[in-house]
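Read through the structure below, which is laid out as structure tokens, and then see the notes.
The values are calculated or read from the model by the stated rules, or taken from the named source; none is laboratory data. Since this is a predicted model, take the numbers as computed values, not measurements. Virtual Cβ from ideal backbone geometry, glycine too; neighbours counted across all protein chains shown.
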Amino acid sequence: MSAGDALAERWRQARPPVAGLHLDSAACSRQSFSVIDAAAQHARYEAEVGGYVAAEAAAPALDAGRAAFAALCGMPDAEVVYTTGSLNALDLLLGGWPADRRKVACLPGEYGPNLAVLAAHGFDRQLLPTLGDGRLALDDAAFALEADRPDFVHLTAVASHCGVVQPLPMLARLCGELGLPLVVDAAQALGQVDCAAGADVTYSTSRKWIAGPRGVGVLAVRPELMQRLSPRLAAPEWAPAATVAQQLEFGEANVAARVGFSVALGEYLAYGPEAVRARLAELGSISRSVLADVPGWSVIEEAEEPSAITTLAPVDGADPQAVRDWLLAERRILTTYAGVQRAPLELTGPLLRISPHADTTAADLETFAEALIAATAATAAA
Ligand SMILES: Cc1ncc(COP(=O)(O)O)c(C=O)c1O
């Protein structure tokens, strides 16, 4: 058995059996028994001793999650705030952003809802130059950023609509040289690619490649920048003293889900980030090779792109929404319909996305390719 197959087996055994084929981890992964049990156990404890007492008891587990996330981002001294997800993390950050709001540099493939949050906080966009596949053109970006300095650079290291892995370490180095803050959206990157680039801010989501519960996210900020943030909901003078991070985190929270996320991060570290990343890259490569010849579709990513996200564009009029619905209804195969709103400045039409996690096999991907042929024919005839 290869190392990838052994990891697949462990990942599969650790969670409930799947109903059909789950190729949708970029939306939401399958949690493990331990993660589900940890969250359930916390909820039981809340019922036994009271929610606030249980939260105090969970503090070390939550701190372990913060430390794991900071380490995975290469920001060991960062302060980490729990959020309800990635968008909430960006919103909290920008709500407290220190300087006059002027301009943010980002890629044309920026996630649509992020563009909306940036605009809502008063930032104009400066689009960074790209290569033909939407990947950052680093040298051109260096000239552009030097000539016209934004307040900060925002990089979505792996997008929602495409499996291209952006050159995060190189951009982090460039931003360091130019003295520009780098903010990284690692919603799709955390778990799939190495995020340890030491950005100024990294935020992410529990439910995707780390396979934690829904409704949890994290925001890691370097301490110097954290001190300069002014939380939108600042603690009133009469309240007990609170750090900036505590003020950002203030509010009601599903502590059980945060405990589950901490456990998921611990499990991910125990599997070995490199091993999981290698397995996911392997699955991306297998996906693209089995899908290369499916009539009516064109695979967007290069075969060897090191991510498990593969997107397919219809070339003969297939309808990604109808195909996604048919696959689920007729074959119990879960995929994603990706509409243009995911990357409104880059996408010209909707796509079909698959995003298998580590327990998917080559045979599963063959099954999907055959089902896609059937779905394309059935939905064209309908
Ligand atoms: C690249 C990217 N950024 C941000 C988000 C938003 O994450 P959340 O739903 O946790 O707010 C997503 C969700 O799919 C995403 O794919």
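Quick check on my filter: what residues within region 120-138 are over 21 Å from D200 (Cα atoms), exposed (fewer than 15 other Cβ atoms within 10 Å of the Cβ) and at pLDDT 95 or above?
The answer is A120, L131, D133.
Looking only at region 198-232, count every residue that is at negative phi and more than 16 Å from the ligand (Cβ to nearest atom) and tell me the total. First the steps, then the outcome.
Of all residues in region 198-232, those at negative phi come to 199-210, 212-214, 216-232.
Within this subset, residues satisfying the condition of being more than 16 Å from the ligand (Cβ to nearest atom) are 200, 221-232.
The qualifying residues number 13.
Which pairs do you get when a residue that is farther than 17 Å from S32 by Cα, found in region 2-17, comes within reach of a residue that is in a loop (DSSP other than H, G, I, E, B), reach meaning Cβ atoms under 8 angstrom, with the pair 6+ apart or on two chains?
D5/T361
Taking into account only those residues within region 176-197 that are within 13 Å of the ligand (Cβ to nearest atom) and of a type in the set (A, V, I, L, M, F, W, C), which is farthest from H22 (Cα to Cα)?
The first filter runs over region 176-197 and keeps only residues within 13 Å of the ligand (Cβ to nearest atom), leaving 183-193, 195.
Still in the list and also of a type in the set (A, V, I, L, M, F, W, C): 183-184, 186-187, 189-190, 193, 195.
Values: V183: 31, V184: 27, A186: 22, A187: 19, A189: 19, L190: 19, V193: 20, C195: 25 Å.
If we take residues in region 176-197 being within 13 Å of the ligand (Cβ to nearest atom) and of a type in the set (A, V, I, L, M, F, W, C), then V183 is farthest from H22 (Cα to Cα).
This table checks each residue for (1) more than 20 Å from the chain's Cα centre (by Cα); (2) surrounded by 15 or more Cβ atoms within 10 Å (Cβ to Cβ); (3) under 15 Å from L72 (Cβ atoms); (4) modelled with pLDDT of 95 or more.
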| site | (1), (2), (3), (4) |
| --- | --- |
| S206 | no, yes, yes, yes |
| G217 | no, yes, yes, yes |
| P236 | yes, no, no, no |
| L248 | yes, yes, no, yes |
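How many of the residues making up region 39-76 are among the acidic types (D, E) and closer than 19 Å to A245 by Cβ? Give the derivation first.
Start the filter on region 39-76 by keeping residues that are among the acidic types (D, E), which leaves 46, 48, 56, 63.
Next, only the ones that are closer than 19 Å to A245 by Cβ stay: 56, 63.
Qualifying residue count, region 39-76: 2.
Select, from A59, A47, the only residue that is more than 20 Å from the chain's Cα centre (by Cα), modelled with pLDDT of 95 or more and within 17 Å of V218 (Cα to Cα). Before the answer, list the steps.
Numbers: A47 fails: within 17 Å of V218 (Cα to Cα).
Just a single option satisfies the conditions, and that option is A59.
Exactly one condition in (1) within 16 Å of the ligand (Cβ to nearest atom); (2) in contact with a Gly (Cβ under 7 Å, 6 or more places away or on another chain) is false for A318; which is it?
Exception for A318: condition (1).
Can you name every residue in region 146-162 that is away from the ligand (no atom under 11 Å from the Cβ), of a type outside the set (D, E) and out of contact with any helix residue (DSSP H, G or I) (no Cβ under 6 Å at 6 or more places or on another chain)?
Of all residues in region 146-162, those away from the ligand (no atom under 11 Å from the Cβ) come to 146-153.
Then keep just the ones that are of a type outside the set (D, E); that gives 147, 149-150, 152-153.
Matches in region 146-162: A147, R149, P150, F152.
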